[in-house]
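Trainee: Quick one: the structure is below, questions incoming.
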Amino acid sequence: MVDFEKPAPPYLNEKGNIVRLIMFTSLFALVFINIYEPFGADKWYILTKLQFFTFSSLTILTGVLVVVVSRIIMYNVSKLNSIRIWQYLVWILAEVLSMSLFYGLFQKVVLKDPRLFTDLVKSSSRYTALVLLLPYSVLWLYFSWRDKKEQIERLADSQSMSTNTRDMIPFYDDKGILKFSVKKENLLYLESAENYVSICYLNKGKVSKYLLRDTLKKVEESFAGSDVIRCHRSYMVNFEKVKVIRRDRDGLKLEFDNLSITDIPVSKTYVETVMQTFSKYYQMNEGG
């Protein structure tokens with residue numbers, strides 16, 4: 001059973017997937033309107049096939065602007081707060097309603113349709129639901145399949161690599177391609193940079209950074225059960241390298257033994273995780 005309170009899968013709000021969704025939806029809508037001629041399209045004007053195709057293309061693309069604006073807003077909202085599945089579904093229904101209103105106004109104002117505006121919106125909503133929900137469903141399944149495939153490939157590659165170099169940590173980009181590896185003892189922390197992750201590590205005693213094209217959420221999944229933990233919306237740390245946990249008026253901060261490394265903040269969401277990890281290390285040291 002679907003847990004609608006769970007956060008929506010992160011791949012739904014990745015920039016590349018948003019672009020794919022808009023392009024595929026636009027193409028599907030264009031094909032749909034030229035084959036089925038909904039919204040009274042066959043009665044718009046007396047046009048040749050080419051003229052109708054041109055006119056319908058402009059109309060559809062104008063309507064798809066609703067989706068473009070909606071997805072830009074959703075992308076920015078999701079960067080501040082995670083969107084839950086039920087919120088994502090409500091958002092889609094709002095897109096259907098908004099586009100139905102657009103086409104209802106188009107028929108009433110531009111095409112001078114004599115029917116009541118409410119009837120036009122009801123009629124438009126049926127076709128709009130098909131125009132949006134069909135490609136949305138297909139792409140959601142495709143994005144989910146591709147995400148699972150990448151996770152399996154990463155797991156297989158990680159297991160293969162760990163057999164040969166147990167102390168090396170592999171990093172893959174958003175396409176599942178191995179881009180960077182570093183010894184765990186040299187890894188310091190990871191920082192989110194929109195669709196990139198900045199990997200901070202020690203290289204010949206000096207602090208260096210590598211920019212990986214991927215999301216921190218995906219990288220976090222590969223470290224499940226390890227000592228590389230999430231401590232903030234924008235940070236993960238290798239807890240083995242943390243030397244001090246400091247509390248000040250801004251909250252908890254994690255310090256490293258290198259003065260050139262900035263202190264890492266701990267957000268309230270991850271305080272419990274950090275303290276549990278600290279407790280584990282403390283008990284290990286006490287036992288030793």
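The values are calculated or read from the model by the stated rules, or taken from the named source; none is laboratory data. Computed from a predicted structure; not experimentally measured. Quick reminder, even Gly has a Cβ in these numbers, built from the backbone with ideal geometry, and neighbours come from all protein chains shown.
Trainee: What pairs can you find where one residue is in the stretch 15-29 and among the basic types (Lys, Arg), the other is at pLDDT 90 or above, and their Cβ atoms are less than 8 Å apart, with a gap of 6+ or different chains?
Mentor: Listed by first residue and then by second, the contacts come to ARG20/LEU139.
Trainee: Please enumerate the residues belonging to the stretch 80-108 that are assigned to a helix (DSSP H, G or I) and in contact (Cβ under 8 Å) with a residue 60 or more places away in the chain. Break it down into steps so the answer makes sense when it comes.
Mentor: Going residue by residue through the stretch 80-108, those that are assigned to a helix (DSSP H, G or I) are 80, 85-108.
Within the stretch 80-108, ILE85, TRP86, GLN87, TYR88, LEU89, TYR103, PHE106, GLN107 meet the criteria.
Trainee: Hey, among the residues in the stretch 17-48 that are surrounded by fewer than 12 Cβ atoms within 10 Å (Cβ to Cβ) and not aliphatic (A, V, I, L, M), which one's modelled with the highest pLDDT?
Mentor: THR48
Table: residues versus (1) under 23 Å from the mean Cα position of the chain (by Cα); (2) surrounded by 14 or more Cβ atoms within 10 Å (Cβ to Cβ); (3) among the aliphatic types (A, V, I, L, M).
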{"position": "ALA94", "(1), (2), (3)": "yes, no, yes"}
{"position": "PHE102", "(1), (2), (3)": "no, yes, no"}
{"position": "VAL109", "(1), (2), (3)": "no, no, yes"}
{"position": "ASP113", "(1), (2), (3)": "no, yes, no"}
{"position": "LEU120", "(1), (2), (3)": "no, yes, yes"}
{"position": "ALA129", "(1), (2), (3)": "no, yes, yes"}
{"position": "PHE143", "(1), (2), (3)": "yes, yes, no"}
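Per-residue answers, yes or no, for (1) without any contact (Cβ under 8 Å) to a residue 60 or more places away in the chain; (2) in a strand (DSSP E or B); (3) crowded, with 20+ Cβ neighbours inside 10 Å; (4) small (Gly, Ala, Ser):
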site	(1), (2), (3), (4)
TYR201	yes, yes, yes, no
VAL207	yes, yes, no, no
GLU221	no, no, no, no
MET236	yes, yes, yes, no
LYS243	yes, yes, no, no
LEU259	yes, no, no, no
THR273	yes, no, no, no
SER279	yes, no, no, yes
